[in-house]
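No value in this document is a laboratory result; all are computed from the given coordinates. Owing to the predicted nature of the structure, the values given are computational and were not obtained by experimental measurement. Glycine gets a Cβ as well: all are built from the backbone with ideal geometry, and neighbour counts include every protein chain shown.
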Amino acid sequence: MKLRKGKTKSILDASIDSALLAVEIYNKPRTTFRSEGFIAMMIIAWTRLFHAYFNVTIGDKYYYKKKNGRYDTVDGERKAWELSTCIKKYGNHW
């Protein structure tokens, strides 16, 4: 798979950063909610990894659309698939 520069690389870098932060949170012994912080950051990391994969394979089609064809937005940004939807779509993709 050839990695396109720009958006895909940015998403992939964010995925790596999230995974590294998850490990860092978990390895700090005096941090409260270590497990919860680790799980939350790893979910973000996996979701971003799927978004990078989908950006390469299917383009910008991993966003929710309304029936009128416009994108569904949250806080002014397009709403992207969450991890469970990414896993389902990935399974159907093969």
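For the chain, report the convex hull volume of the alpha-carbon atoms normalised per residue, in Å³, without decimals. Mind dumping the intermediate values first?
Working: hull volume 12.0 nm³, N = 94.
It comes to 128 Å³ per residue, whole-number rounded.
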Quiz item: In whole percent, what relative contact order does the chain give with Cα contacts below 8 Å and a gap of six or more residues?
Solution: 24
Quiz item: Along the positive direction of the dipole of the chain (beta-carbon charges: Lys, Arg +1; Asp, Glu -1; about the Cα centre), which of Ala14, Asn27, His51 reaches farthest?
Solution: His51
Practice problem: Might you report the magnitude of the Cβ-based charge dipole of the chain about its Cα centre, with Lys and Arg at +1 and Asp and Glu at -1, to the nearest 20 debye? | Solution: 440
Self-check item: Distance between modelled label sites at Ser35 and Arg70, nm, 7 Å Cα→Cβ extension
Solution: 4.4
Quiz item: trypsin sites (Lys or Arg not before Pro) within the range 5-91: which are DSSP loop residues with at most 15 other Cβ atoms inside 10 Å?
Solution: Lys5, Arg30, Lys61, Lys66, Lys67, Arg70, Lys79
Quiz item: With respect to the cross-link table entries Lys9/Lys65; Lys28/Lys88; Lys28/Lys79; Lys67/Lys89, which display a Cα-Cα separation exceeding 31 Å?
Solution: Lys28/Lys88; Lys28/Lys79
Quiz item: Considering only DSSP states other than H, G, I, E and B, which GluC sites (Glu not before Pro) in the range 20-94 qualify as loop sites with at most 15 other Cβ atoms within 10 Å?
Solution: Glu82
Practice problem: For Lys89 and Tyr26, compute 0.36 nm times the residue count separating them, minus their Cα-Cα distance, and round to one decimal in nm. | Solution: 19.7 nm
Quiz item: Is it possible to state the helix-based mean residue ellipticity at 222 nm for the chain, with each DSSP H run of 4+ residues giving -39500 (n - 2.57), the sum divided by total residues, to the nearest 500 deg cm²/dmol? What is it?
Solution: -20500 deg cm²/dmol
Quiz prompt | Likely footprinting exposure, Ile39, Ile11, Ile58, fewest C-beta neighbours within 10 Å first | solution = Ile58, Ile39, Ile11
